[in-house]
């Protein structure tokens, strides 16, 4: 009941904000990035961009603070590559806190909209993949080799809202409560709503569920464009399964180049 209430509340909030569209209809708001699936999204950037972020995760067995950088590079109008890395402080409930570098994630996506003639007009569809390089340490809950593939879409609705969706296949190194790793294959099912409030502010609500690892996340955040064109962003995650963090908070600054 609690989970259903939280889901209903967050998405209803997004719909309320979206009832006052001020941006042009049929826009997929490509300059507004998702939070949970930052790289697993459909728009292809027209410029390079980078985001500095601070994220705090609260698990049932400890906390983790992540100071990182991630960004995307436009190779051509249909292809983009991205990467992320950072510093992590892991503080388990039992034991000393540990500090170290994170794993490095690299990704790429390609716009396949022109090949999907059966899709509704204005829908954008991309396909891609990612790989996590085990540059971190187990003591900070890193040192994992993950990889996967995905398809993601965005579709503008007449109300001004933008519907987002992602379908992915992940091959994950999961860590359990004892600190041991096990390899799992998981399907990612995700959806979200981007709600324009005005020319500068958008509300981004997402729900993503993985079929393995007891991992499901609900989030809602804001994306605010400054007069300089850079963006200030903030997000709250709520874990809906035992494998996900109970609560996560993130603040970030995104700049295009």
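Bear in mind these aren't lab numbers, they're just calculated from the coordinates by the rules spelled out. None of these values were measured; they are calculated from a predicted model. All Cβ positions, glycine included, derive from the backbone under ideal geometry; neighbour counts span all protein chains shown.
Condition check: assigned to a strand (DSSP E or B), surrounded by fewer than 21 Cβ atoms within 10 Å (Cβ to Cβ) and touching a strand residue (DSSP E or B) at 6+ places or on another chain (Cβ under 8 Å). Does residue 195 satisfy that?
Spelling it out, it is not the case that residue 195 is assigned to a strand (DSSP E or B), surrounded by fewer than 21 Cβ atoms within 10 Å (Cβ to Cβ) and touching a strand residue (DSSP E or B) at 6+ places or on another chain (Cβ under 8 Å).
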### Query
In the range 199-257, what residues are in contact (Cβ under 8 Å) with a residue 60 or more places away in the chain, assigned to a loop (DSSP other than H, G, I, E, B) and either closer than 20 Å to residue 150 by Cα or in contact with a strand residue (DSSP E or B) (Cβ under 6 Å, 6 or more places away or on another chain) (or both)?
240, 243, 245, 246
### Residue count, the range 62-105 (criterion: surrounded by fewer than 14 Cβ atoms within 10 Å (Cβ to Cβ) and outside any strand (DSSP E or B))
5
### Query
Out of all the residues in the range 110-125, which are over 18 Å from residue 46 (Cβ atoms) and either in contact (Cβ under 8 Å) with a residue 12 or more places away in the chain or in contact with a helix residue (DSSP H, G or I) (Cβ under 9 Å, 6 or more places away or on another chain) (or both)?
119, 120, 123
